[in-house]
Amino acid sequence: MCSDSVAVLEQAIARLDWGKGDGLLPVVVQDAGSLRVLMLGYMDAAALAHTRESGHVTFFSRSKQRLWTKGESSGNYLHLVSIDVDCDADTLLVLARPQGPTCHTGRISCFPGAPGQFLGALDTLVAERERQRPEGSYTTQLFEKGTRRIAQKVGEEGVETALAGVAQGDEELLGESADLLYHLIVLLRARGLSLADAVAVLEARHR
């Protein structure tokens with residue numbers, strides 16, 4: 001996070017209105033990759049400080065009456081990406097990368113119908129494949145062949161997409177576009193980058 005962003009966050013945190021909820025603020029947690037809403041929790045000042053220091057999203061448990069780090073028992077941590085403060089300074093929005101399901105029922109989200117961006121979810125899945133290298137996975141095979149072969153596949157898919165755009169129907173163009181997007185995500189990951197990094201460049205250009 002750049003120094004300007006840190007300064008803005010510090011100013012926002014300094015004006016948080018802890019009094020409205022008797023020292024607790026509601027916290028909406030989103031998956032940083034897919035933007036799916038994962039859960040709602042509550043933080044007091046100590047939970048917010050611990051979240052920022054540890055990098056693991058931590059709440060104040062109203063039932064246990066103590067700080068509670070998500071995943072402390074299950075191992076399904078929420079790795080902090082960013083924190084935002086709403087316009088009334090009484091609600092927090094946390095972007096996190098979930099390590100496993102968030103809901104205690106084993107679901108990805110505590111809100112079963114919460115929408116999300118599939119490309120972000122796919123990027124997360126590719127990252128897991130890169131770390132775990134499960135046998136029989138096409139993505140694993142690509143990573144095992146190395147960056148040069150992955151880059152070659154991106155080139156091939158790019159040519160096929162361009163050809164489909166001028167010489168084939170919509171269905172073929174969409175199919176080739178999907179192949180290109182997938183292989184591009186794999187190439188980014190092979191270089192230690194993510195789809196979000198590329199999107200950040202687009203956002204910076206737009207600003």
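Mind listing whichever residues of the stretch 83-125 are among the small types (Gly, Ala, Ser), assigned to a loop (DSSP other than H, G, I, E, B) and out of contact with any Cys (no Cβ under 8 Å at 6 or more places or on another chain)? Spell out how you get there, then give the answer.
Filtering the stretch 83-125 down to residues among the small types (Gly, Ala, Ser) leaves 89, 96, 100, 106, 109, 113-114, 116, 120-121.
Imposing the further condition that a residue be assigned to a loop (DSSP other than H, G, I, E, B) reduces the set to 89, 100, 106, 109, 113-114, 116.
Scanning the stretch 83-125 gives Ala89, Gly100, Gly106, Gly113, Ala114, Gly116.
With the structure loaded, tell me whether Ala178 is touching a helix residue (DSSP H, G or I) at 6+ places or on another chain (Cβ under 9 Å) and part of a helix (DSSP H, G or I) or whether it fails that test.
Numbers: touching a helix residue (DSSP H, G or I) at 6+ places or on another chain (Cβ under 9 Å): no; part of a helix (DSSP H, G or I): yes.
Against the criterion (touching a helix residue (DSSP H, G or I) at 6+ places or on another chain (Cβ under 9 Å) and part of a helix (DSSP H, G or I)), Ala178 does not qualify.
What residue, among those in the stretch 156-207 that are over 21 Å from Phe118 (Cβ atoms) and of a type in the set (Lys, Arg), is surrounded by the fewest Cβ atoms within 10 Å (Cβ to Cβ)?
Residue satisfying both the conditions and the ranking: Arg207.
Being without any contact (Cβ under 8 Å) to a residue 60 or more places away in the chain, farther than 30 Å from Asp17 by Cα and out of contact with any Asp or Glu (no Cβ under 6 Å at 6 or more places or on another chain) is the requirement here; does Val159 meet it?
On the way: without any contact (Cβ under 8 Å) to a residue 60 or more places away in the chain: yes; farther than 30 Å from Asp17 by Cα: yes; out of contact with any Asp or Glu (no Cβ under 6 Å at 6 or more places or on another chain): yes.
For Val159, the condition - without any contact (Cβ under 8 Å) to a residue 60 or more places away in the chain, farther than 30 Å from Asp17 by Cα and out of contact with any Asp or Glu (no Cβ under 6 Å at 6 or more places or on another chain) - is met.
So, Leu35, is that one closer than 29 Å to Gly113 by Cα and modelled with pLDDT of 95 or more or not?
Numbers: closer than 29 Å to Gly113 by Cα: yes; modelled with pLDDT of 95 or more: no.
No.
Of all residues being of a type in the set (D, E, K, R) and under 11 Å from the mean Cα position of the chain (by Cα) in the stretch 91-134, which is surrounded by the most Cβ atoms within 10 Å (Cβ to Cβ)? Just the residue, please. So that I can check it myself, show each step before the final result.
Our first condition is that a residue be of a type in the set (D, E, K, R); within the stretch 91-134, this holds for 97, 107, 123, 128-131, 133.
With under 11 Å from the mean Cα position of the chain (by Cα) added as a condition, the list becomes 97, 123.
Details: Arg97: 15, Asp123: 22.
Across the stretch 91-134, the extreme among qualifying residues is Asp123.
Among the residues of the stretch 65-92, which ones are touching a Lys or Arg at 6+ places or on another chain (Cβ under 6 Å) and at positive phi?
Ala89
Name the residue that is surrounded by the fewest Cβ atoms within 10 Å (Cβ to Cβ), counting only residues in the stretch 52-90 that are closer than 18 Å to Val8 by Cβ and without any contact (Cβ under 8 Å) to a residue 24 or more places away in the chain. Even if it seems obvious, please write down each step before you answer.
We begin by selecting, within the stretch 52-90, every residue closer than 18 Å to Val8 by Cβ; these are 52, 80-90.
Now narrow it down to the ones that are without any contact (Cβ under 8 Å) to a residue 24 or more places away in the chain: 86-87.
Numbers: Asp86: 14, Cys87: 6.
In this case the residue turns out to be Cys87.
Taking the criterion of being out of contact with any Lys or Arg (no Cβ under 9 Å at 6 or more places or on another chain), modelled with pLDDT under 95 and not basic (Lys, Arg), would at least one residue in the stretch 42-64 satisfy it?
Within the stretch 42-64, one or more residues are out of contact with any Lys or Arg (no Cβ under 9 Å at 6 or more places or on another chain), modelled with pLDDT under 95 and not basic (Lys, Arg).
Which residue out of Glu144, Glu135, Glu130 is among the acidic types (Asp, Glu), in contact with a Lys or Arg (Cβ under 9 Å, 6 or more places away or on another chain), within 30 Å of Ser73 (Cα to Cα) and at pLDDT 95 or above?
Values: Glu144 fails: within 30 Å of Ser73 (Cα to Cα); Glu135 fails: in contact with a Lys or Arg (Cβ under 9 Å, 6 or more places away or on another chain).
Every option except Glu130 fails the conditions.
Of all residues in the stretch 126-140, which are more than 16 Å from Arg191 (Cα to Cα) and either in a helix (DSSP H, G or I) or touching a His at 6+ places or on another chain (Cβ under 6 Å) (or both)?
Within the stretch 126-140, Gln132, Tyr138 qualify.
Just name the residue that is farthest from the chain's Cα centre (by Cα) out of those in the stretch 35-48 that are more than 17 Å from Ala89 (Cβ to Cβ) and not in a strand (DSSP E or B).
Residues of the stretch 35-48 that are more than 17 Å from Ala89 (Cβ to Cβ), as a first pass: 35-41, 46.
Filter once more, keeping what is not in a strand (DSSP E or B): 35-36, 46.
Details: Leu35: 7, Arg36: 9, Ala46: 24 Å.
Filtering the stretch 35-48 for residues that are more than 17 Å from Ala89 (Cβ to Cβ) and not in a strand (DSSP E or B), the one farthest from the chain's Cα centre (by Cα) comes out as Ala46.
The values are calculated or read from the model by the stated rules, or taken from the named source; none is laboratory data. Computed from a predicted structure; not experimentally measured. We place every Cβ from the backbone using ideal geometry, glycine too, and count neighbours over all the protein chains shown.
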